[in-house]
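Heads up: the structure comes next, in structure tokens.
The values are calculated or read from the model by the stated rules, or taken from the named source; none is laboratory data. If you're wondering where the values come from, they're calculated on a predicted model, not measured in any experiment. Note: ideal-geometry Cβ built from the backbone for every residue, glycine included; neighbour counts use all protein chains shown. For accessibility, only protein heavy atoms count, side chains too; no ligands or nucleic acids. Shrake-Rupley method; radii C 1.70, N 1.55, O 1.52, S 1.80 Å.
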Amino acid sequence: MLATMHQYIDGARRAATSGESFDVLDPSTDETLETLTLAGPADVDAAVASAKAAFGEWSRATPAERAAVLTRAAAVLDERAEELAQLESRQAGKPIRLAREFDVPGTVDNTAFFGAAARRLDGMASGEYSADHTSSIRREPLGVVGSIAPWNYPLQMAAWKVLPAVAAGNTIVLKPAEITPLTALVFAEAFTAAGAPPGVFNVVTGTGAVAGQHLVGHPDVVMTSFTGSTAVGRQVMATAALTGKRVHLELGGKAPFVVFDDADLEAAVHGAVAASLINTGQDCTAATRAIVHRSLYDAFVRGVADLMAAVRMGPTPDPATDLGPLSSRRHLEKVAGMVERARGYARVVTGGAAPTGDLARGCYYAPTLVADVPIGSELWTDEVFGPVLAVVPFDTDDEAIALANDTAYGLAASAWTRDTYRAGRAAREIAAGCVWVNDHIPIISEMPHGGYKHSGFGKDMSAYSFEEYTQVKHVMHDLTGQAHKPWHRTIFTLPG
Ligand code: NAD
């Protein structure tokens, strides 16, 4: 029975009412993992109604009470870590090592972090800014938040959306991507097991066009928090505008990876391979454009190509597997098509093909390095979202920074140099929400994640994310007790 209970509404699993279904596939074999019963508008309405009913109690819970739920949820998630890792690995095609060592522990840590941060919501400044009044600031939650998550890190993206919202006292309806809905349901169960009142955290699993659109347009949802592609993000913003909602968008990326002439070449080569292949390149911060000083260019290309060729594609349950499949056959076709077209204008140094044999059943694509990519070509400007790294040479520092910034996106970047002044200048001048120096990818719960430019606005993770999910209220108390206050004379003067 549980296999058809794909909605999480009012503290329990429920079956959807739409009558529509969708096969969730394991992209490493293309076999059906589960047939999802899709949420329709009525299911979204029920989830929003539950979240709305829960808001009063949850928003008035003390920080300590909310913190206790989140802290216990972290413990429940930790107890279910292996089950979550298996499910995440299968639905998203992640090598089990990645799911066990990155996705699940990252989510547990995030949950624990927001358990602690729930007690540090500032809003206590008070003082006499007018001689006759005391002013104070209250930081308050918004209400029902509708969140929409992508398929690349289903569990972590659910966590990034849900945790700051709920820690701050909002209630939430989360719509995961329809191809990877399963771990979000377990995540919600952990909150109920941890003592979250029914309705605080609901999940509707349905398509973007139906459930997503309905959630964004819902009049009782006060905010839309979206992570996904830039194109859909813009659509979501337009829909949200019709009901005047607050919007937080985490969108695409095309991160530059700048290697200056004094860089540690071995570190840069290893860093580039790890940062371009993480999650099979389906990472919004992945290194996608290596911009390498001409003096190191050939050695960098050789080093990256050799290391990429040594990366092991394999079955996702095997702990020895480095690289899993892409998330779907449709996505594999998109990635392969972009590399095929690049053959016409650039040099495919390694990869550029799907494997044959057993792995051909799944959506695998070999690690791919494309050199001499013309500036302005498709591979330079567009998000591939696959295990594909483009590389170009540069001659001067100014040129390197200009190339790094030659993108509509601005999510993340890295600079590789031993010169601290150069590193400082790169960090200042590259327009991105995160700039790493001599590394690329690490994230931590305490620090914000979010884009510049067309990568969106607003922050996930860290205390900065509370800015998205709270509003501040000014409360002003009269201190005089006078019926006839001195300032009234600017409006009227009484006879005598
Ligand atoms: P997508 O935009 O296709 O879908 C994202 C979500 O939006 C899914 O849940 C989908 O069902 C839903 N959706 C689709 N149409 C909708 C509509 N009209 N109304 C409401 N919801 C709708 O993105 P994807 O392919 O799932 O994910 C990959 C993209 O996400 C990449 O562009 C990647 O860079 C981006 N991403 C960004 C970040 C970040 O933090 N900036 C993190 C992860 C992924």
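With distances taken between every two different alpha-carbon atoms, segment 255-437 has a Kirkwood hydrodynamic radius of 16.4 Å.
Taking the Cα centre of segment 255-437 as the origin and placing charges on Cβ (Lys, Arg +1; Asp, Glu -1), which of 317, 430, 292 is farthest toward the positive end of the dipole? In segment 255-437, that residue is 317.
Considering only the other residues whose Cβ falls under 10 Å of the Cβ of residue 277, what net charge follows from Lys and Arg at +1 and Asp and Glu at -1?
Details: positive: none; negative: 283, 322.
Overall, the nearby charge balance is -2.
When ligands, DNA and RNA are left out and all protein chains stay put, how many square angstrom of accessible area per residue does segment 385-496 have with a 1.4 Å probe? Mind showing how you got there, number by number?
Numbers: 6010 Å² over 112 residues.
On a per-residue basis, segment 385-496 sits at 54 Å².
The angle between the Cα long axis of helix 154-167 and the main principal axis of the chain comes to about 20°, on a 0 to 90 degree scale. Only one residue of 223, 442, 411 has its Cα farthest out toward the positive end of the dipole of the chain, where Lys and Arg carry +1 and Asp and Glu -1 on Cβ, and that residue is 223. The translational diffusion coefficient of segment 224-264, from Stokes-Einstein at 4 °C and 1.567 mPa s with a Kirkwood hydrodynamic radius over alpha carbon pairs, comes to 106 µm²/s.
Stick to the Cα atoms of the chain, pair each with every other, and give me the Kirkwood hydrodynamic radius in Å at one decimal. Display every interim value, and only then the final one.
Working: mean 1/r = 0.0418 Å⁻¹.
Mean inverse Cα-Cα distance, inverted, gives 23.9 Å.
If each residue of separation counts as 0.36 nm, what is the full-extension length gain between residue 487 and residue 475 once their alpha-carbon separation is subtracted?
Values: separation 12, 0.36 × 12 = 4.32 nm, distance 1.84 nm.
That pair, residue 487 and residue 475, stretches by 2.5 nm at full extension.
Applying both filters, DSSP loop and at most 12 other Cβ atoms within 10 Å, to the trypsin sites (Lys or Arg not before Pro) of segment 288-343 gives 312, 343. With Cα atoms as the point set, the radius of gyration and Dmax of segment 366-496 evaluate to 25.6, 90 Å. Once the Kirkwood radius over Cα pairs is known for segment 242-327, the Stokes-Einstein relation at 37 °C and 0.692 mPa s delivers a diffusion coefficient of 221 µm²/s. I'd like the carbon and sulfur percentage of the solvent accessible area for segment 81-176, probe radius 1.4 Å, heavy atoms only, ligands and nucleic acids excluded. Accessible surface attributable to carbon and sulfur in segment 81-176 totals 52 percent.
Restricting the count to DSSP beta bridges whose residues both fall in segment 255-437, what percent are antiparallel, rounded to a multiple of 5?
On the way: 3 of 25 bridges.
So the antiparallel bridges amount to about 10 percent of the total.
Could you pull out the pairs from 161/453; 94/459; 52/459; 52/94; 245/485; 94/245 whose alpha carbons sit more than 30 Å apart here? The pairs that break the limit, which is 30 Å between Cα atoms, are 52/94; 245/485; 94/245.
Which value, in debye to the nearest 20, describes the size of the charge dipole of segment 255-437 about its Cα centre when Lys and Arg Cβ atoms bear +1, Asp and Glu Cβ atoms bear -1, and nothing else is charged? Could you put the intermediate results ahead of the total?
Details: 15 positive and 23 negative charges, 104 e Å.
Here the size comes out at about 500 debye.
With a 1.4 Å probe and all protein chains left in place, how much of the accessible area of segment 305-452 comes from carbon and sulfur atoms, in whole percent? Reported share for carbon and sulfur atoms: 54 percent. Within straight-line reach of residue 254, meaning a Cα separation under 13 Å, sit the following aspartates and glutamates at least 8 residues removed in sequence or on another chain: 283, 378, 382, 383, 406. Which shape class, rounded, prolate or oblate, goes with segment 25-178 when its Cα gyration tensor gives a ≥ b ≥ c as root eigenvalues, a/c under 1.5 marks rounded, and past that a/b bigger than b/c marks prolate? Prolate, since a/c reaches 1.5 and a/b exceeds b/c.
Using +1 on the beta carbon of Lys and Arg, -1 on that of Asp and Glu, and nothing else charged, what's the dipole of segment 399-496 about the Cα centre, debye to 20?
Numbers: 9 positive and 10 negative charges, 93 e Å.
Dipole magnitude for segment 399-496 comes out near 440 debye.
Can you give me the relative contact order of the chain as a percent, contacts being Cα pairs under 8 Å and 6 or more apart?
On the way: 1150 pairs, mean separation 87.2, N = 496.
Result for the chain is 18 percent.
Counting 0.36 nm for each residue step from residue 340 to residue 138 and taking away their Cα separation leaves a gain of 67.1 nm.
At 1.4 Å probe size, with the rest of the protein present, what percent of the exposed accessible area of segment 189-235 is carbon and sulfur atoms? Each step should come with its number before you reach the end.
Working: 930 of 1480 Å².
Of all accessible area on segment 189-235, carbon and sulfur atoms account for 63 percent.
Using the Cα centre as the reference, give the magnitude of the dipole from point charges on the C-beta atoms of the chain (Lys, Arg: +1; Asp, Glu: -1; all else neutral), rounded to the nearest 20 debye.
On the way: 41 positive and 56 negative charges, 243 e Å.
Roughly 1160 debye, rounded to the nearest 20.
At full extension, residue 437 and residue 101 could sit 118.6 nm farther apart than now, given 0.36 nm per residue minus the alpha carbon distance. Distance from the alpha carbon centroid of segment 457-485 to that of segment 313-391 works out to 49 angstrom. Relative contact order, whole percent, for segment 255-437 stands at 29, derived from Cα pairs under 8 Å and 6 or more residues apart.
Give me the 1.4 Å probe accessible area per residue for segment 142-272, excluding ligands and nucleic acids, in Å².
Working: 3080 Å² over 131 residues.
It amounts to 24 Å² per residue over segment 142-272.
Restriction of the GluC sites (Glu not before Pro) in segment 412-496 to DSSP coil positions whose beta-carbon has at most 15 other beta-carbons within 10 angstrom yields 446.
Go ahead and estimate [θ] at 222 nm for the chain from helices alone: -39,500 (n - 2.57) per DSSP H run with n ≥ 4, summed, over the residue count, rounded to 500.
Values: 15 runs with 177 residues, N = 496.
It comes out at -11000 deg cm²/dmol, rounded to the nearest 500.
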